[in-house]
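Everything on this sheet refers to the single structure shown next.
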Amino acid sequence: MSTSLFQPLRFKIIFYTFWFSWAEAQAIVLNHFGFSWKLALTDSAISNILLAAFSAIIARSFEYYTPQKNKYTYITALVVTLSLIWLFLSRSIIIQFAGNVPDYDTFFSKSFVIRGAYGFLINGCMALISMLWYTSQDQKETEERKTEAEKLAREAELFNLRQQLQPHFLFNSLNSINALITLQPQKARTMIQQLSDFLRGTLRKEENQWVSLEDELQQLQLYLDIEKVRFGHRLATEVLTTDNARLAKIPAMLLQPIVENAIKFGLYDTTGEITISVDSDVVNGNLQVKVSNPFDSETSMPLKGTGFGLSSVKRRLYLLFANNNLLSTAVNQTIFTTTIVIPQPAL
């Protein structure tokens, strides 16, 4: 529902001040033409109170109905009709109150055109003001609904992306647990407990889109512990961060698919031990996180290795910040590095 034109205090003050001032000026003019103060005040009070009432009716009508087509034809017809009604109604009431005053009826008839033009002007101005006000209100509400719809769509897509990521990791973990049950049951039990802790933390973070990097790294460590059970001594990790970076904010569960991508292209395409590095710092007021992994140039294609994990992160960053340049990848000899930049939310 649009905000009423008469709701803002400033408009009320302007509205009442105008009618009081104009009624006073009209009474002075009528007295100048030789009519008594009683008749001048009666004429001014009745005609202006009625005209103010009709202008308020016009404003109220636009509050409930704003024409979309032929609006100026509608305004003209409405203003002309109400102005004519006002003229005849005010004349009848004034004569009833004023009684039989010589020459007054003649004076009213001679001033009929001027009064009509004045009534049309006032009612027309009120109609235009009302139309502009309620049109702007409707546009504002439309923009708010559009913004809310876009926000809901973004949130739905973000939620869908995260829901797709969880099964992707979950199936890999369950397959590893299945393989360990017979050969290494203690490791299988350990991995089940770690997986439970990881998923519990993931569910808690669904309620909060932003977390500190320190909290994100703690959740990431749960994931890395699971992966270390899967890959044993072959997987080593190195996490470096500054104190400022630990306090910085990051969308929840953003690092896990990046690190998963690093493990995939670091371990699957190489032999022997590897080290996954996570390095974070605050650069130019933005949080910058780099995830690096080694790769074998003969068996791996890192420049094309942006599968679902990295593409989902890039899409998520775009939905949050409307910027496609917040995720980048680079190759330096045998090291593949993924860099993300997180603009910090306003406090």
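The values are calculated or read from the model by the stated rules, or taken from the named source; none is laboratory data. Keep in mind it's a predicted model, so treat the numbers as computed, not measured. Neighbour counts are summed over all protein chains in view; Cβ atoms, including those assigned to glycine, are modelled from backbone coordinates with ideal geometry. Surface accessibility is based on the protein's heavy atoms, side chains included, excluding ligands, DNA and RNA. Shrake-Rupley method; radii C 1.70, N 1.55, O 1.52, S 1.80 Å.
Tabulated results
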{"quantity": "Residue in the range 107-124 that is farther than 23 Å from Ala25 by Cα and either assigned to a helix (DSSP H, G or I) or not small (Gly, Ala, Ser) (or both) present", "calculated": "no"}
{"quantity": "Selection status of Ser328, at pLDDT 85 or above, open to solvent by less than 50 Å² (accessible area, probe 1.4 Å) and part of a strand (DSSP E or B)", "calculated": "no"}
{"quantity": "Failed condition for Glu150, given (1) within 28 Å of Leu255 (Cα to Cα); (2) of a type outside the set (Val, Ile, Thr); (3) at pLDDT 65 or above; (4) surrounded by 15 or more Cβ atoms within 10 Å (Cβ to Cβ)", "calculated": "(4)"}
{"quantity": "The one condition in (1) modelled with pLDDT of 80 or more; (2) farther than 18 Å from Leu5 by Cα; (3) open to solvent by less than 60 Å² (accessible area, probe 1.4 Å); (4) not charged (D, E, K, R) that Phe35 fails to fulfil", "calculated": "(1)"}
{"quantity": "Enumeration of residues in the range 1-46 that are over 16 Å from Ile94 (Cα atoms) and hydroxyl-bearing (Ser, Thr, Tyr)", "calculated": "Ser2, Thr3, Ser4, Tyr16, Thr17, Ser21"}
{"quantity": "Subset tally (residues that are open to solvent by less than 30 Å² (accessible area, probe 1.4 Å) and not hydrophobic (A, V, I, L, M, F, W, C)) for the range 208-231", "calculated": "5"}
{"quantity": "Qualifying positions in the range 238-248 - open to solvent by 40 Å² or more (accessible area, probe 1.4 Å) and in contact (Cβ under 8 Å) with a residue 12 or more places away in the chain", "calculated": "Glu238, Val239, Leu240, Thr242, Asn244, Arg246, Leu247"}
{"quantity": "Residue, nearest to Leu89 (Cα to Cα), within the range 47-75, restricted to residues that are hydroxyl-bearing (Ser, Thr, Tyr) and surrounded by 14 or more Cβ atoms within 10 Å (Cβ to Cβ)", "calculated": "Ser47"}
{"quantity": "Check on Gln139, free of Cβ contacts under 8 Å to residues at least 24 places away in the same chain, farther than 27 Å from Tyr16 by Cβ and not in a helix (DSSP H, G or I)", "calculated": "no"}
{"quantity": "Subset tally (residues that are part of a strand (DSSP E or B) and either out of contact with any Ser or Thr (no Cβ under 8 Å at 6 or more places or on another chain) or surrounded by 14 or more Cβ atoms within 10 Å (Cβ to Cβ) (or both)) for the range 267-294", "calculated": "18"}
{"quantity": "Residue match in the range 243-262 (condition: closer than 16 Å to Arg316 by Cα, at pLDDT 85 or above, in contact with a Lys or Arg (Cβ under 9 Å, 6 or more places away or on another chain) and assigned to a loop (DSSP other than H, G, I, E, B))", "calculated": "yes"}
{"quantity": "Residues of the range 260-274 that turn out to be hydroxyl-bearing (Ser, Thr, Tyr) and either more than 18 Å from Thr329 (Cβ to Cβ) or in contact (Cβ under 8 Å) with a residue 60 or more places away in the chain (or both), as a count", "calculated": "1"}
{"quantity": "Matching residues in the range 107-135 - criterion: being without any contact (Cβ under 8 Å) to a residue 60 or more places away in the chain, over 18 Å from Ala77 (Cα atoms) and open to solvent by less than 50 Å² (accessible area, probe 1.4 Å)", "calculated": "Phe108, Ser111"}
{"quantity": "Filter result for Ser55 (touching a residue at least 24 places away in the same chain (Cβ under 8 Å) and assigned to a helix (DSSP H, G or I))", "calculated": "yes"}
{"quantity": "Any chance Leu82 is open to solvent by 60 Å² or more (accessible area, probe 1.4 Å), in contact (Cβ under 8 Å) with a residue 24 or more places away in the chain and within 23 Å of Ile114 (Cα to Cα)", "calculated": "no"}
